[in-house]
Amino acid sequence: MSALAAAAPPRRPEALRTPATIRLFALGALVLLSALEWTTLETPARPARMVLCALVAAAVAAGAHAVARQRRLVRTAVLVVLVAVAVAAVLLAAGVPLRLLAPARWGGLASGLGQG
């Protein structure tokens with residue numbers, strides 16, 4: 001083995017080079033940029049919360065991509081669970097108290113969301 005072959009950088013897995021993966025990373029970057037830009041409109045700005053929301057959105061997109069080729073029933077079930085968990089995670093990351101996520105408190109949650 002030559003010295004050049006031993007010093008060659010490790011090759012990336014082919015899965016990171018697919019168009020779908022590249023689109024997923026581009027979407028994640030766009031969501032993160034948008035979330036951070038949105039924080040400039042808030043007073044006081046809370047960029048950490050927006051970054052968490054962006055990470056949740058990226059995780060949902062990755063999960064949807066991962067189950068895209070599953071059977072329809074499996075894909076639908078996984079996506080329903082993903083969306084439900086994502087909504088709860090984003091609300092918690094945005095600062096909504098956990099008690100308002102109980103079904104009995106959804107009226108108060110909707111009222112609070114309606115008031116901004």
Total charge dipole magnitude, the chain, about the Cα centre, Cβ charges on Lys, Arg, Asp, Glu only, Debye to nearest 20 = 440 debye
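For E42, E37, give the ranking by accessible area with the largest first, probe 1.4 Å. Don't skip to the answer; put the middle values down first.
Numbers: E42 70, E37 115 Å².
These residues rank, largest area first, as E37, E42.
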Does anyone have the angle between helix 106-115 and the longest principal axis of the chain? Alpha-carbon axes, 0 to 90°, nearest 10?
-> 90 degrees
Classify region 45-103 as rounded, prolate or oblate, taking a ≥ b ≥ c as the square roots of the eigenvalues of its Cα gyration tensor: rounded when a/c is under 1.5, otherwise prolate if a/b is larger than b/c and oblate if not.
-> oblate
According to a simple spin-label model (label point 7 Å from Cα along Cα-to-Cβ), what is the distance in nm between T76 and R17?
-> 3.8 nm
Counting each DSSP H run of 4 or more residues in the chain as -39500 (n - 2.57), what helix-only mean residue ellipticity at 222 nm follows after dividing by all residues, to the nearest 500 deg cm²/dmol?
-> -22000 deg cm²/dmol
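What full-extension length gain, to one decimal in nm, is calculated for V87 and V51 as 0.36 nm per residue of separation minus the Cα-Cα distance?
Value of the extension gain: 11.5 nm.
If you take the square roots of the eigenvalues of the alpha-carbon gyration tensor of the chain and sort them as a ≥ b ≥ c, do you get rounded (a/c under 1.5), prolate (a/b over b/c) or oblate?
On the way: a/c = 3.35, a/b = 1.72, b/c = 1.94.
Oblate is the answer for the chain, as a/c is 1.5 or above yet b/c matches or exceeds a/b.
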Just grab the label-to-label distance for A68 and L98, each label 7 Å out from Cα along the Cβ direction, in nm (one decimal).
-> 3.5 nm
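To the nearest 0.05, what FRET efficiency results for S111 and E42 with a Förster distance of 22 Å applied to their C-beta separation?
Numbers: r = 21 Å, r/R0 = 0.95.
With a Förster radius of 22 Å, E is 0.60.
The values are calculated or read from the model by the stated rules, or taken from the named source; none is laboratory data. Source: prediction; values computed, not measured. Using ideal geometry, Cβ is built from the backbone for each residue, glycine included, and neighbour counts are taken over all protein chains shown. Just the protein is used for accessible areas: all its heavy atoms, side chains included, with ligands, DNA and RNA removed. Shrake-Rupley method; radii C 1.70, N 1.55, O 1.52, S 1.80 Å.
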